[in-house]
1. As a test of the definition: which semi-axes, in Å, follow for region 168-258 when you take the square root of five times each eigenvalue of its alpha carbon gyration tensor? Largest first, please.
2. Dipole of the chain, Cα-centred, from +1 at each Lys and Arg C-beta and -1 at each Asp and Glu C-beta, to the nearest 20 debye?
3. In region 136-204, which GluC sites (Glu not before Pro) fall in coil by DSSP and have 13 or fewer other Cβ atoms within 10 Å?
4. Can you tell me the 0 to 90 degree angle between the C-alpha axis of helix 2-117 and the longest principal axis of the chain, rounded to 10?
5. As a check on your grasp of the helix formula, calculate [θ] at 222 nm for the chain: sum -39500 (n - 2.57) over DSSP H runs of n ≥ 4, divide by the residue count, round to the nearest 500.
6. Of the cross-linked pairs LYS258/LYS287; LYS164/LYS185; LYS133/LYS237; LYS164/LYS258; LYS234/LYS285, which ones have a Cα-Cα span greater than 23 Å in the structure shown?
7. Sort SER143, SER255, SER260 so that the residue with the fewest other Cβ atoms within 10 Å of its own Cβ comes first and the one with the most comes last.
8. Could you tell me the ratio Rg/Rh of the chain? Both radii from Cα atoms, Rh via Kirkwood.
Amino acid sequence: MSKKKKQGSDLYYLEQQREQEKKETIEQMMKRKKDKERKQRIEEKKKQEFISNQFDSEMEKVIQMTNKNNQKQEQERRKKISKQEKKRLKKIKKIKTILKLIVLIGLISGSITFALTSPIFNIKDIKVEENNKIPSETIVSLSTLQIEENIFKFYNKTIENNIKENPYIEKVSIHRKLPNTVEIKVTERVAQYAVDYMGQYAYINTQGYILEIAQTNNNMPIIQGVTTKEDEFKPGKRLCDEDLNRLEDTIQIMSVMKESGLNEEVTSIDISNKNEYIIYLADEKKKIHIGDTSNLSNKILYVQAIIEQEKNTEGDIFVNGDINNGFNPYFRDKV
């Protein structure tokens, strides 16, 4: 009996053990299955994440490309807008410039109209300055300007040319002193010599301009022996080129004589021969044969010395040789 109980107990324990093992086996299988399923889920998740990442990457690329296209389109749009804006601004600027010009032209036109029509700008006074020889009335008359004439209705050049019709007038400048005064400034030519001309005298300045034809020499040195044609002896004209060259020599001779005070004694100068200029001193009753213009200073010193030696003796002084090469100046009494 007890043996049977023991066997039964062992059998029960064995069954219990088997049952336990069976139970453990089922649990392990379940666990493995769960692990497998978990692994599958993890792999599936990773796969999905990979696919998602790939998709995101592709999407990002697409988005980047789209953004680039959008940026390019935006740049082109802005460029187009910029060109249009530039054209618009340029057009506006052009319109503004035209409007400014119109306004400016209007202002100028209005100002000109006012200046030309307003009695405020009518001439009330004409002043002449720096004239000595020609009277102011003569200069005003030559100008053709009129009192109560509009101060803007004349051309300076025209007035200047009108006044310079007088041979004594060398330069003219016209100044408007607003609102109603005109100033005329002149530079006059000064007569220095009287050219012997057909029993009369043509006054000339140092530039050879003929200033007037007169009956007397007005106490100026008389120039004889000119070659200028008779029909050229008109006020306003000049001596011919040959006479102008000889006039330069004459001025040079007179300049050297002035240093010794003899220029005031000169009555006339014969310039018919450029190599034999002859000077007349009426008060000293002497004729000086200068020759050409070489060694003028030495020649005039000899002339001065001979005049002192031959005081009150009428005759000729010869200094027309080459003093540096042995020529001795001399005096010869008038026979």
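Values quoted throughout were computed directly from the atomic coordinates according to the rules given, and no laboratory measurement underlies them. Everything numeric in this text was worked out from a predicted model, so none of it was measured. All Cβ positions, glycine included, derive from the backbone under ideal geometry; neighbour counts span all protein chains shown.
1. On the way: eigenvalues 184, 47, 31 Å².
Semi-axes, largest first: 30, 15, 12 Å.
2. Dipole magnitude for the chain comes out near 7660 debye.
3. Working: sites: GLU137, GLU148, GLU149, GLU160, GLU165, GLU170, GLU183, GLU188; in loops: GLU148, GLU149, GLU165.
When the GluC sites (Glu not before Pro) of region 136-204 are filtered for loop state and at most 13 Cβ neighbours within 10 Å, GLU148, GLU165 remain.
4. With both axes taken from Cα atoms, the answer is about 20 degrees.
5. On the way: 5 runs with 165 residues, N = 335.
Computed ellipticity for the chain at 222 nm equals -18000 deg cm²/dmol.
6. Values: LYS258/LYS287 17 Å; LYS164/LYS185 12 Å; LYS133/LYS237 19 Å; LYS164/LYS258 32 Å; LYS234/LYS285 33 Å.
Over 23 Å apart, Cα to Cα: LYS164/LYS258; LYS234/LYS285.
7. Details: SER143 20, SER255 11, SER260 14.
Placing the least packed residue first, the sequence is SER255, SER260, SER143.
8. On the way: Rg = 61.7 Å, Rh = 31.9 Å.
With Rg and the Kirkwood Rh in hand, the quotient comes to 1.93.
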